[in-house]
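Have a look at the structure below before the remarks.
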Amino acid sequence: MKSYPKIIDRIIEVIREHQIFCIVGHVRPDGDCIGSQLALALALRNEGKKVTVWNHDSIPQKYKFLNAEGLFHKPKAGEKFDCVIATDCASFERLGKVGECIGQRKIFINIDHHISNPRYADVNWVSPREPSCGELIYRLLKVARWPITKPIADLLFTAISTDTGSFQYATTRSGTFHAGAELVTRGADLAKICNEVYQSYPLSRAKLLKHVYSKFRLAADDQIAWFWLKKIDFHRTGAESDDTEGLIDHIRAIEPVIVACVFEEIGPELTRISLRSKSDRVNVNEIAAQFGGGGHPAAAGARIPGKPLSVQRAVIAAVKRALKAAR
């Protein structure tokens, strides 16, 4: 393989020196997180390691097909590990309850692609130029010369595909297509992955989408689009929080819109925001950072305490400032 970051050698060295592993990822796991966690877990098991896979939340319905071997579990207190590896997790806090259960470890590795990652582990491989964490795991396996089996190919293809918007986002590089092509060669089942992930939405999500199209709002000469998801909306539609993944893309795709925002009610005075930008001159990671969040320049989020209307006003004002500065 051509030149690669030397931190990969260090990670391989640590893995070879230890036997008992726990692979962890961020709360509300998406395709990249789940695919990265499980692909690395299978690769380590194939190398004779004992591997546990933990996440604060359960796997969303559309990704359950990835967990064929039943490796994905909720965390348990009191377990000991030689090595804990976090994948696709932008901060330690984003591990949720998992963070409280991984204290008894010898070494901690952090593999991620979020620019906001503060490098919270003992060994950190953070590469923001990579559009997905799945691509990092793919490179790790290639350098280590660990076999990419068919199940691993399915997991990594799902990870890369979902975090690049099916290879459409501006972050997608030529190397991403090369990785995808090799994973298909290694047996990734494109038809199954595309059917499960992109073409099998529950009716509840369609009802939620109806709500989005009837309730979204525009501001700043139609450059900002946003909508709210309240607890009552989930109750009315029968949808769950998992069903919200990708809804923001529907308002982001409106031609004059530059920044899209979703406000999701978590509690009476706690709101989760998701931000998307279509312009390289408007960095939503910087906007999210103003509210204690982070992510990528084109996709970021935060959890913000306060009254809902106050949160909305503050976030929209921050987006308007960013748009003004980008002129």
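Here are the numbers:
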quantity: Residue 58 without any contact (Cβ under 8 Å) to a residue 12 or more places away in the chain, open to solvent by 30 Å² or more (accessible area, probe 1.4 Å) and in a loop (DSSP other than H, G, I, E, B); calculated: no
quantity: Test: residue 197 is open to solvent by 10 Å² or more (accessible area, probe 1.4 Å), more than 22 Å from residue 260 (Cα to Cα), in a helix (DSSP H, G or I) and touching a helix residue (DSSP H, G or I) at 6+ places or on another chain (Cβ under 8 Å); calculated: no
quantity: Residue among 81, 65 that alone is of a type outside the set (Asp, Glu) and under 30 Å from residue 239 (Cβ atoms); calculated: 65
quantity: Residue satisfying condition, being of a type outside the set (Val, Ile, Thr), within 25 Å of residue 241 (Cβ to Cβ) and touching a residue at least 24 places away in the same chain (Cβ under 8 Å), within set 209, 183; calculated: 209
quantity: Count of region 18-48 residues which are open to solvent by 30 Å² or more (accessible area, probe 1.4 Å) and free of Cβ contacts under 8 Å to residues at least 40 places away in the same chain; calculated: 2
quantity: Whichever residue in region 201-245 is of a type in the set (S, T, N, Q) and open to solvent by less than 60 Å² (accessible area, probe 1.4 Å) and, among such residues, is modelled with the lowest pLDDT; calculated: 241
quantity: Strands (runs of 3 or more DSSP E) contained in region 68-165 and holding at least 1 residues among the aliphatic types (A, V, I, L, M) and open to solvent by 10 Å² or more (accessible area, probe 1.4 Å); calculated: 105-112, 123-126
quantity: Sole exception among (1) open to solvent by 40 Å² or more (accessible area, probe 1.4 Å); (2) of a type in the set (Gly, Ala, Ser); (3) at pLDDT 95 or above for residue 187, by number; calculated: (1)
quantity: Which listed residue, of 193, 224, is within 27 Å of residue 269 (Cβ to Cβ) and among the β-branched types (Val, Ile, Thr); calculated: 224
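The values are calculated or read from the model by the stated rules, or taken from the named source; none is laboratory data. From a predicted model like this one, the values you see are computed outputs, not experimental measurements. Heads up, the Cβs are rebuilt from the backbone with ideal geometry, glycines too, and the neighbour counts pull from every protein chain shown. When the accessible area is computed, the model is the full protein with side chains, heavy atoms only, and any ligands, DNA or RNA have been set aside. Shrake-Rupley method; radii C 1.70, N 1.55, O 1.52, S 1.80 Å.
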